[in-house]
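The values are calculated or read from the model by the stated rules, or taken from the named source; none is laboratory data. Owing to the predicted nature of the structure, the values given are computational and were not obtained by experimental measurement. Cβ atoms come from the backbone with ideal geometry, glycine included; neighbour counts cover every protein chain shown. Side chains are part of the model used for accessible areas, which takes the heavy atoms of the whole protein and leaves out ligands, DNA and RNA. Shrake-Rupley method; radii C 1.70, N 1.55, O 1.52, S 1.80 Å.
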Amino acid sequence: MAGLTVAVAGASGFIGRALCTRLTTEHTVVALSRSAGTGADGVTRRRCDLFSLLDCERALAGVDVAVYLVHSMMPSARLTQASFADMDLILADNFARAAKRMGVRQIVYLGGIVPESSEALSAHLASRVEVEQALAAHGVPVTTLRASLVIGPDGSSFRILQRLVQRLPVMLLPTWTRSSCQPIYVDDVVELLAGVCGADFALGETFDIGGPEVLSYRALLGRTAHALGRTPRYLPVPFFSPELSRLWVTLVTGTSRQLVGPLVSSLRHPMVARDLRLQERLGLPGLPLDEALRRAVQATQYASPKGASPPARRRASEATVNTVRSVQRLPLPTGRDAIWAAAEYMTWLPRAMRPFLQVTVSEAGLVRFCVLGLPTSLLELAWSRERSLPDRTLLYVVGGALARITEGHRGRLEFRVVLGGRYLVAAVHELVPNLPWPVYNATQALAHLWVMRAFGRHLARRAEAEEREHRMVRQLGRLIDVPEG
C-alpha cells in the first residue's frame, strides 16, 4: 500500500538508514532521532527520546505504520542501572502505548529467530521475544520479522566476523562455532520490511526470514575469510564458555563487552528459519551468501580506506551533564496496579529506613523525602496528574538536596505495569545528581539500587502472602459448597 506515513525508530542504525531511503520511494518517511528537521534525502526527522512516553506520542502523531528497529544493548546515560532486557522492555512498552494512543495502524518489528529446541533461550533471544510481546500488549497489530545474522557493511555482527578474520592468524573454534545459522543480506531485509508495511496479510503475523544457505558459524568464518582474501588457521576447542568467548571476542575485535556479551550467549542456539513463506510470497529468495559477503566487504573497504583515521571519540569529560537512568523489574501481586505500587513504595520506604526517613504527600501531590530532624528535603517529586494512569504513574523530580534541576533534563520516577500485569517496572530517568559524581557513585547510586532490590523482595513477599490468602479463600469456598453426607 503506497502513500502511507511511516515512522522508523532506530533510523540511525545500518538497517534503519537503508530502510528510510527505500521507503521514500513510496511513502512519507519520519525518522525518530535525537534532532528534528527535514534532510535532503526527503526524510523528516522528529526528535524523540524513546524512554519518554510523551516524546513517543509526539513523534508518532499522524503516523500510519511504525517500524521498530531498536535494541538497547548499550548504556543510555552516564550511569545506567539496568539490564539491556529491562531497558528493551520499557522502550517497547513506551512505543506500543504511544502507537495505540496516536492511532497507528501497524507496528513492524525486526527481531531474532527463535530456535525450536527445548533449551532455555539466551537472555538476548528471550529479550527479543519479550519485545514482541510488549509491542503487541496494547492492541496495535504487530508484524514481526525474525532474522538470523544480517550481513551488511555497518552491521555489528558482520564487523565482529570481519575483525576476527582480519586480526587472527589462528582462530580458536569453541563449540558454538558448530551451531547453524542462516545469514541474510541487509538489502533483502530492507525489501522485506518495506514489503510488509501497510500490508493487510501481514497484520498480526510473525515471519522467519533468511538467506538461501544454512551453514555453521565455522563455515561462515571460512567464507568471510575467503571474501577478505585471507587464509587463517583454525584450532577447535572442546568447550563453550560464554565468559571466555566474550573476553576473546572483545579483546580481538575491540567491540564493547555490553554488545558482545548478549550476542555470544545466543550463539549456542541454531538460528535457522522454520519457513520462508514471506519471501516466497514477495518473490525475494535472498542474495547468495558469497555475493552478500563480497558486497559487504567491498562497501567496508570503500568506506574505510587504508590509512584513514577513525573519527575522534568524544571524551567523557566533554559531556555537559551527568545523568542517571535506573530501570528495575519487580514482581507485582495479582490484581494490583501502578497506583497501588507507588503508594506501597511511599509507605514501605519510611518503614524500611526507620527511624531516619520520612515521606509525606501533600494534597497537591508533592512527595517529599526527608531526614527526620532536618528542614531540607532530600528529594521532592511532583505527581503528574495529566500523565498518570492506573497502569502507569509518573512523578517529576522538582527539587531536593540530592537532585539538580537543569534545563533539558526531565528527571522523573515512574511505576508501570507491563506485559499484562506480569511485572512492575520502577524506573528513574534523566536524574541529575547534585552530589559530585564520584561521591554520588559511592553513596546515592548504591543506596538507590539497594532500596529498589529491597522493595522488590517486599513485593515478592506481598504477592506470596496474597496468593496464600486467595488459595485459602478458594479452598474454603469449595468446602462450603460440599453437601453434607
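Against the chain, whose longest principal axis is taken from its Cα atoms, helix 242-253 shows a tilt of about 60°. When the Cα positions of Phe14, Ala403, Ala219 are compared along the charge dipole of the chain, Ala403 comes out farthest toward the positive end, with charges on each C-beta of Lys, Arg, Asp and Glu. Projecting the Cα atoms of Leu121, Tyr68, Ile160 onto the charge dipole of segment 60-213, computed from C-beta unit charges around the Cα centre, puts Ile160 farthest toward the positive end.
Show me 213-225, 274-286 ranked by packing, highest mean number of other Cβ atoms within 10 Å first. Before the final figure, lay out each step's value.
Numbers: 213-225: 18.2, 274-286: 15.5.
The packing order, highest mean first, is 213-225, 274-286.
The dipole here belongs to segment 1-137: it is taken about the Cα centre, uses +1 on the Cβ of Lys and Arg and -1 on the Cβ of Asp and Glu, and is about 560 debye.
Per residue, the average separation of C-alpha pairs within less than 8 Å and at least 6 apart gives segment 381-485 a relative contact order of 17 percent. Fully extending the segment from Ala343 to Ala447 would add 35.4 nm, taking 0.36 nm per residue of separation and subtracting the current Cα-Cα distance. Rolling a 1.4 Å probe over the protein heavy atoms gives segment 11-83 an accessible area of 43 Å² per residue.
Annotation: the antiparallel percentage among DSSP beta bridges lying fully within the chain is about 50.
How many percent of the accessible area of the chain is carbon or sulfur, using a 1.4 Å probe? Write out the running numbers ahead of the final one.
Numbers: 12750 of 23090 Å².
Carbon plus sulfur share of accessible area: 55 percent.
Tell me the GluC sites (Glu not before Pro) within segment 41-126 that lie in a loop according to DSSP and have at most 15 other beta-carbon atoms within 10 Å. The partial results should precede the final answer.
Details: sites: Glu57, Glu116, Glu119; in loops: Glu116, Glu119.
Sites meeting the loop and neighbour criteria: Glu116, Glu119.
Taking Lys and Arg as +1 and Asp and Glu as -1, the other residues whose beta-carbon sits under 9 Å from that of Leu89 total -3. Rolling a 1.4 Å probe over the heavy atoms of the protein chains gives segment 113-215 an accessible area of 33 Å² per residue.
Using the Cα centre of the chain as the reference point, and only Cβ charges (+1 on K/R, -1 on D/E), how large is the resulting charge dipole? Debye, rounded to the nearest 20. Mind dumping the intermediate values first?
Numbers: 56 positive and 42 negative charges, 308 e Å.
In debye, rounded to 20, the chain gives about 1480.
When volume of the Cα convex hull per residue in Å³ is calculated for this entry, the matching label among (1) 133; (2) 165; (3) 209 is (3).
Placing unit charges on each Cβ (+1 for Lys and Arg, -1 for Asp and Glu) gives the chain a dipole about its Cα centre, and among Gly3, Phe95, His429 the Cα reaching farthest toward its positive end belongs to His429.
Sum -39500 (n - 2.57) across every DSSP H segment of at least 4 residues in the chain, then divide by the residue count to get the 222 nm mean residue ellipticity, nearest 500.
After summing the helix terms and dividing by residue count, I get -12000 deg cm²/dmol.
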